[in-house]
Amino acid sequence: MEAPRLANSHLTLGFDRQTGALAQLRFKNRNFIAPILGKRPLVELNFRDASGEALRVSSTDFPPPRFVARDGSMEIEFDAWDSLRVRVTISIALAEDSDESFWRIETEHGREGYLEWIEFPRVVVPNDLGAVGGDARLLWPALEGVLIEDLAHREKSPLPYQEIEYPNHGWCGYYPGAAAFQFLTYESGGSILYFGSHDPRYTTKEIEYCRDDDGIRLIQKVYLDAGPAGKHELAYPVVLAAMEGDWYAAAGRYRRWSESVNSAIRISERTDLPPWIHDSPIVVTYPVTGHGHHSGKTDPNEFFPFIRALPVLEKLGDALDSRLLVLLMHWEGTAPWAPPYVWPPRGGETGLREFADSLHSRNHLLGLYCSGTAWTNTADTGDGTYNRTAEFKRDHLIRYMCRGPRGEYRCKICNGEGIRLGYDICPATDFARDVMAGEANKIAASGIDYIQLFDQNLGCAAYQCHDTAHGHSAAPGAWGAPAMRGLLAHVRASLNASGAPHVLLGCEAAAAEPYLHDLPINDLRFHMGFCMGRPVPAYSYLFHEYGCNFMGNQVEALMSIDEKASPWNLALRLAHSFIAGDLLAIVLNGKGELHWSWCTKWEVPPPPQEPHLAFIRRLNAWRRGAGSPFLCGGRMLSPAQVAGAECVPLAIRWGLQLDYSAVLTSHWQSQAGAQAHFLVNFLDRPQRIRMALGGHDEACVITQPSGSDMANIPVREGCLELDISGLSAVMIRT
Ligand SMILES: [Zn+2]
């Protein structure tokens, strides 16, 4: 008997008759789905009983499904009411002229407890990645976007895939959070599979990938607000589509949908932001206690009292010819990494105020790191004696903490011996709102311009909580994003009311989709993507117009990168940030020298100073000059193909390498509609490149950031040939 199928002139979807598994998604001559070798479900459900214990139910546990084909649609009905008290109906719509299939699911259960999450549909693609001789690659939406070309890369790293469970483990595909958007792709042979959740409520999800018996499993797992017995219909469609092109084409599809539902306002149109956000300050970050590594006791260092850093900063400001946003770490008078209480600053408020005034008088800015919505009972940082255990017990504060499904309280992110012991505070509680607003107000009153208030809330994630006493459901779901937005709105309103509307807030990693408007400047974490694969500017492509993020403190960049084998790696990271349109950032060591990253020990030899500083100065001159309308608030377009530059291997510590062209490129459109390409050479020697510019007879090449040296160069047979000096950028207008 022929396998059930649903097809139009673009796509063919095929299913296994016995299990309902997705066996085929054919676009042109390519089937994107791996052959079924093992036992593949179409859907998996996770129930929890009254005590919180999990029961995993797979559609392969059901009797063979019933297929009902209609014109342009298919229903697949799974019925295990008699054995499991569960029914599932999946509906797939495929309009005749569309390359998108829309998938919906309705579940009905009569079980005790609740339905916690659904993974739907199970998509398994072949492992034809470059590392095993194929040409395929995945785009993963965490850490601003990572291209996956080798499954072993992440499996060998210190951050292998693990299923997301309470408590959250941080560097993973938790959405909205470290994963900022809701689609995955698999591309091969010039065409691409798009697997997106078009969910305007930004419901909590796991969006991941991992090795599967048959290939690579692409995971879209959605949490359901603790679905009780009865019927539940997913409120949005999951979209499986295929098209020609690469991940930019897929991102364009997602951007069209995202912009149709997101209420964030473009930076260029906002009147509520301070003018400095358009001045392209360079972020300079360093700790004022400790020696570049955060665990254990932290004594004042070379940068304390705060004012002692001024000579170093003045010199840097001159060398970089830029405004600086000085962003302090380990400044808290409580203890570093001991949230939520940070105030007063070490040494008292007067010293920090004096420092802020001194920076402002030199046209620089001051920001502070905080540590997000967590609670600290004891901290090993600072003098090692910080202890709020008695207050925690006395006020029964455990009732405000994120609780696990079995009534347990645990915390993993920046929590443990050497740092702190505590919990995550549930963002839905009044306690979270009051304490976060209270600390923010105290900070703002000292003349601070920027508070990275939500460090450790990656992407400003609302972490999982199962405590209904907080006013939300008994499991993660659609409540997370509104709870966090409510918290952000409360802090914002409180700052505005206290006369600090100009103070901006940010989080660690790029702000996830629901938080774009509230968090316009954030501490990026693209470099953590080197633990999984190749970072790409997918976040910038989607959302750059709505924010002004910075390169980040590059925490633990040398965990993945071997700086001795690839001494140009910092220049590569700077070039990546530049072509992504992000503010540049510098991390200092105790001598006031540019260092590799935060958490690189200060005894590690720093990178060569002068070439890197000169590179940063040149790049920021573009951001402040002729590149400004594009790199600051512009809209990213698909880049032109660039070939010919030297290829260099970035050495990854667990024995792998990522080959990089010495010239990175991006393509932008200004809000006025002009277009420009940027090319940046991160090596210290010239590169001759060939750039595909079909449809143009000539291109305007600009090598000076002032824009003063425009030269029209002929484009021959659709190709522009160009020399690019070492450690420099050029701009091309067409
Ligand atoms: Zn809660």
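The values are calculated or read from the model by the stated rules, or taken from the named source; none is laboratory data. Everything numeric here is computed off the predicted structure, so don't read it as measured data. For neighbour counting, all protein chains shown are included, and Cβ atoms are generated from backbone atoms with ideal geometry for every residue, glycine included.
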**OP:** Kindly list, by first and then second residue, each pair from a residue in the stretch 255-278 that is in contact (Cβ under 8 Å) with a residue 12 or more places away in the chain to a residue that is among the acidic types (Asp, Glu), limited to pairs with Cβ atoms under 8 Å and residues at least 6 apart or on different chains.
**Re:** Ser258/Glu513; Asn262/Glu513; Arg266/Glu545; Ile267/Glu545; Ser268/Glu545; Pro274/Asp449; Trp276/Asp449
**OP:** Search the stretch 312-341 for residues that are of a type in the set (Asp, Glu) and pair each with any residue that is surrounded by 22 or more Cβ atoms within 10 Å (Cβ to Cβ) when their beta-carbon atoms are under 7 Å apart and the residues are at least 6 apart or on different chains.
**Re:** Glu332/Ala338; Glu332/Val342; Glu332/Pro345; Glu332/Arg346
Subject >> Meets criteria (surrounded by fewer than 18 Cβ atoms within 10 Å (Cβ to Cβ) and touching a residue at least 12 places away in the same chain (Cβ under 8 Å)) for Ala626 >> reply: no
Original post:
When you go through (1) over 28 Å from the mean Cα position of the chain (by Cα); (2) among the aliphatic types (A, V, I, L, M); (3) under 15 Å from Thr289 (Cβ atoms) one by one for Val342, which number turns out not to apply?
Top reply: (1)
Subject >> Unique match (being within 28 Å of Ala640 (Cβ to Cβ) and touching a residue at least 24 places away in the same chain (Cβ under 8 Å)) among Ala250, Ala229 >> reply: Ala250
Subject >> Residue that is under 30 Å from Met401 (Cβ atoms) and buried (at least 23 other Cβ atoms within 10 Å of the Cβ), where the choices are Pro336, Pro344 >> reply: Pro336
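Matching residues to (1) in contact with a helix residue (DSSP H, G or I) (Cβ under 9 Å, 6 or more places away or on another chain); (2) free of Cβ contacts under 8 Å to residues at least 24 places away in the same chain; (3) outside the structural domain of Glu610 (by TED's automatic domain parsing):
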residue	(1), (2), (3)
Gly695	no, yes, yes
Ile702	no, no, yes
Asp709	no, yes, yes
Glu717	no, yes, yes
Glu721	no, no, yes
Leu727	yes, no, yes
**OP:** Can you confirm whether the stretch 371-379 contains a residue that is within 15 Å of the ligand (Cβ to nearest atom), at pLDDT 95 or above, more than 23 Å from the chain's Cα centre (by Cα) and farther than 25 Å from Val326 by Cβ?
**Re:** yes
**OP:** State whether one or more residues within the stretch 587-596 are free of Cβ contacts under 8 Å to residues at least 60 places away in the same chain, in contact with a His (Cβ under 7 Å, 6 or more places away or on another chain) and under 30 Å from Ala626 (Cβ atoms).
**Re:** yes
Subject >> Residue selected from the stretch 419-459 under the condition within 16 Å of the ligand (Cβ to nearest atom) and either outside the structural domain of Cys507 (by TED's automatic domain parsing) or in a helix (DSSP H, G or I) (or both), by the criterion surrounded by the most Cβ atoms within 10 Å (Cβ to Cβ) >> reply: Ala432
**OP:** Would you confirm whether any residue within the stretch 97-105 is under 17 Å from Ala235 (Cβ atoms) and more than 30 Å from the chain's Cα centre (by Cα)?
**Re:** no
**OP:** Looking for whichever is outside any helix (DSSP H, G or I) and within 15 Å of Cys370 (Cβ to Cβ) here; the options are Gly506, Gly499. Which one fits?
**Re:** Gly506
Subject >> Of all residues making up the stretch 73-97, the number that are surrounded by fewer than 18 Cβ atoms within 10 Å (Cβ to Cβ), of a type outside the set (Lys, Arg) and modelled with pLDDT of 95 or more >> reply: 9
Original post:
Is there any pair linking a residue in the stretch 655-672 that is without any contact (Cβ under 8 Å) to a residue 40 or more places away in the chain to one that is assigned to a strand (DSSP E or B) and small (Gly, Ala, Ser), with Cβ under 6 Å and at least six apart or on different chains, and which?
Top reply: Gln657/Ala651
Original post:
If you check Tyr515 against the conditions, is it hydroxyl-bearing (Ser, Thr, Tyr), farther than 27 Å from Gln162 by Cα and touching a residue at least 24 places away in the same chain (Cβ under 8 Å)?
Top reply: no
Subject >> Members of the stretch 395-417 found to be surrounded by 15 or more Cβ atoms within 10 Å (Cβ to Cβ) and more than 15 Å from the ligand (Cβ to nearest atom), listed by number >> reply: Ile413, Cys414, Asn415
Original post:
Within the stretch 214-234, is even one residue surrounded by 20 or more Cβ atoms within 10 Å (Cβ to Cβ) and under 16 Å from the mean Cα position of the chain (by Cα)?
Top reply: no
Original post:
Of the residues in the stretch 612-635, how many are closer than 11 Å to Gln669 by Cα and touching a Leu at 6+ places or on another chain (Cβ under 8 Å)?
Top reply: 0
Original post:
Any idea which residue in the stretch 470-485 is surrounded by the fewest Cβ atoms within 10 Å (Cβ to Cβ), counting only those that are near the ligand (Cβ under 10 Å from one of its atoms) and assigned to a loop (DSSP other than H, G, I, E, B)?
Top reply: Gly471
Original post:
Does Thr60 satisfy the condition of being modelled with pLDDT of 95 or more, β-branched (Val, Ile, Thr) and under 12 Å from Gly20 (Cα atoms)?
Top reply: yes
**OP:** Assess whether Tyr463 counts as being within 16 Å of the ligand (Cβ to nearest atom), under 20 Å from the mean Cα position of the chain (by Cα) and hydroxyl-bearing (Ser, Thr, Tyr).
**Re:** yes
Subject >> Conditions (1) within 16 Å of the ligand (Cβ to nearest atom); (2) in contact with a Phe, Trp or Tyr (Cβ under 9 Å, 6 or more places away or on another chain); number of the one not met by His490 >> reply: (2)
